[in-house]
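Notes for the one structure printed next.
Each value in this text was obtained by applying a stated rule to the coordinates, not by laboratory testing. Model, not experiment: these values are computed from the prediction. Don't worry about glycine lacking a Cβ; one is built from the backbone with ideal geometry, like all the others, and counts go over all protein chains shown.
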């Protein structure tokens, strides 16, 4: 009975309709493969960008620490220079 049903459907559906359907199925498969590849590529890009962002954040933190250290050193040097200038001024006034 199942064989009769298949034969009946085969008689009702022309070969060119089946071929068109088959082509659509293959195009759908190719589109699915392309979409999966695009998704994998996008995931790889996202991972790479997350890694780069992490690296940049670490670099930014290091630069901030260095900036704070340099400002501290600048203030220390400024205080020392002001002290030397005050001593020079006091010597100049004494003369």
Condition first: under 38 Å from the mean Cα position of the chain (by Cα), surrounded by 10 or more Cβ atoms within 10 Å (Cβ to Cβ) and assigned to a helix (DSSP H, G or I). Can you find one or more residues in the range 74-91 that meet it? yes
Are any of the residues in the range 10-22 out of contact with any helix residue (DSSP H, G or I) (no Cβ under 9 Å at 6 or more places or on another chain), outside any helix (DSSP H, G or I) and surrounded by 10 or more Cβ atoms within 10 Å (Cβ to Cβ)? yes
